[in-house]
Number of protein chains: 2
Amino acid sequence: MNLNILEKNLGYKFKDKNLLKLALTHKSSKTPKNNERLEFLGDAVMDLIVAEYLCQKFKDTNEGELSKLRAALVNETSFSNLAKNLNLGNFIFLSNAEEQNNGRHKNSILSDAFEAIMGAIYIEGGLEICKNIAIRLLEKNYDEIDSKSLLKDYKTTLQEITQAKFGATPMYKLISSQGPDHEKKFVMGVFLNDKKYGESLGKSKKDAEQKAAKKAIEKIEKENI
Amino acid sequence: MNLNILEKNLGYKFKDKNLLKLALTHKSSKTPKNNERLEFLGDAVMDLIVAEYLCQKFKDTNEGELSKLRAALVNETSFSNLAKNLNLGNFIFLSNAEEQNNGRHKNSILSDAFEAIMGAIYIEGGLEICKNIAIRLLEKNYDEIDSKSLLKDYKTTLQEITQAKFGATPMYKLISSQGPDHEKKFVMGVFLNDKKYGESLGKSKKDAEQKAAKKAIEKIEKENI
């Protein structure tokens, strides 16, 4: 495995190649050490880098909006996309079983390895170098980093995911309603090919649909279907 | 208000006094700007500083344990204690209403201001300076930073809190049980002076008590009773 290619994609040359290898070592490898500690550190590194980036980019945006923007950038799906852009999957060390299980393409494994790589660069190169690399990767991955592009509602996001993964559109159905007319609440379910992916209670049907869509997204991401 | 004293307590002299003042400005002040953005940044700064500190201090500890240790150090109660050691409450700018409402002593306001100060030091002084200050404050506040000292169970923690705040010991009562004998589940409630502070379902009474105690701690912290 030629780690030079990965280093070229990253734009960073590790002095300590063992540190890079550790960052690429998934826990399934059953080696004495794996990348979980580096991932723990890298997660915090990315949180800070993105927080600072957003504060500098949006001088007048309030904290609530900044938090939402960060949540849209710092999550498993986002990091797994950055990992894919780096072809990181090709370089991860994992067990044969995990290999058979399509581990190289799992969002969770890719995202964790990406965080571990960032943790490793932070340890060796410091925050500034890590910042430059992370921001270059983020800006390359997103056409625009702003509220309009990043903060899509959950129903839209779910539809994009299900179209891409299953070629299907989610359906919303009223499951029940409760309470008197002036303060009725609704339970809406979201279905995909007649299978329920989530349901939620809301003050309006639309509100309940949004919450149900959020649950469905989490379910799909968790199951990594 | 003599901010020199605060700077002396912090061990850091701000070049930009307006930045320091901004970090001390609670949103109740109704000034055009407040400390929320700095708090957002400072929160991420502290997360990274503590993550790195723990990684360096505990070379062989796994990620799960490191996460628990960090959660014990990076939270509202912990940061409000650091704030109190700095007498930060004396220096916060807040509205008269919040002042009457004992705002200067609220854990949430103190913790937020502490994070904002760290965010401000990070912006002006960079990560290394911020790291030195934060670690000095943490090590001064905790006798020992290790699992044995930090990771007390929730029942013990709740008892310490209720003893200190109310001079009372929490009582646990069985509220209900469900399921067949071989997989019975229990709902335990935790009471303080006959008022219920939390209840939770668990696989054993002990398990349910721990979860109920956790809820009670969160309730007490939230209400800042």
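The one condition from (1) in contact (Cβ under 8 Å) with a residue 40 or more places away in the chain; (2) within 14 Å of chain A (Cβ to nearest Cβ) that B:ALA72 does not meet is (2). Within segment B:137-157, not a single residue is open to solvent by less than 30 Å² (accessible area, probe 1.4 Å) and either of a type in the set (Asp, Glu) or over 16 Å from the mean Cα position of the chain (by Cα) (or both). Suppose the filter is under 30 Å from B:THR61 (Cα atoms), of a type in the set (A, V, I, L, M) and in contact with a Ser or Thr (Cβ under 6 Å, 6 or more places away or on another chain); does B:ALA213 pass it? Judged against the criteria, B:ALA213 is not a match.
To keep it simple, each residue is scored yes or no on (1) of a type in the set (Ser, Thr, Tyr); (2) free of Cβ contacts under 8 Å to residues at least 24 places away in the same chain.
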{"position": "A:LYS59", "(1), (2)": "no, yes"}
{"position": "A:LEU66", "(1), (2)": "no, yes"}
{"position": "A:LEU94", "(1), (2)": "no, no"}
{"position": "A:SER111", "(1), (2)": "yes, no"}
{"position": "A:MET118", "(1), (2)": "no, no"}
{"position": "A:GLY126", "(1), (2)": "no, yes"}
{"position": "A:ALA134", "(1), (2)": "no, no"}
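In this structure, A:LEU94 does not qualify as open to solvent by 10 Å² or more (accessible area, probe 1.4 Å) and within 14 Å of chain B (Cβ to nearest Cβ). Taking B:ALA113, is it among the aliphatic types (A, V, I, L, M) and either surrounded by 12 or more Cβ atoms within 10 Å (Cβ to Cβ) or in the same structural domain as B:SER67 (by TED's automatic domain parsing) (or both)? In short, yes. Taking the numbered list (1) buried (at least 22 other Cβ atoms within 10 Å of the Cβ); (2) of a type outside the set (Ser, Thr, Tyr); (3) in contact with a Lys or Arg (Cβ under 7 Å, 6 or more places away or on another chain) in turn, A:LEU41 passes all entries but (3). Where helices (runs of 4 or more DSSP H) fall entirely within segment A:1-65, those with at least 1 residues that are within 18 Å of the chain's Cα centre (by Cα) and among the aromatic types (Phe, Trp, Tyr) are at A:36-57.
When A:LEU66 is tested against (1) more than 29 Å from A:LEU19 (Cα to Cα); (2) modelled with pLDDT under 90, exactly one condition is not met: (2). Residues that are among the hydrophobic types (A, V, I, L, M, F, W, C), more than 7 Å from chain A (Cβ to nearest Cβ) and under 26 Å from A:ALA71 (Cβ atoms) within segment B:28-63 comprise B:LEU38, B:MET46, B:ILE49, B:VAL50, B:LEU54, listed in sequence order. Filtering segment A:68-87 to residues that are under 17 Å from B:LEU48 (Cα atoms) and open to solvent by less than 40 Å² (accessible area, probe 1.4 Å) leaves A:ARG70, A:VAL74.
The values are calculated or read from the model by the stated rules, or taken from the named source; none is laboratory data. Because the structure is a prediction, the values reported are computed rather than measured. Here Cβ is always computed from backbone atoms with ideal geometry, including for glycine, and neighbour counts include all displayed protein chains. SASA here: full protein model, heavy atoms, side chains in, ligands and nucleic acids out. Shrake-Rupley method; radii C 1.70, N 1.55, O 1.52, S 1.80 Å.
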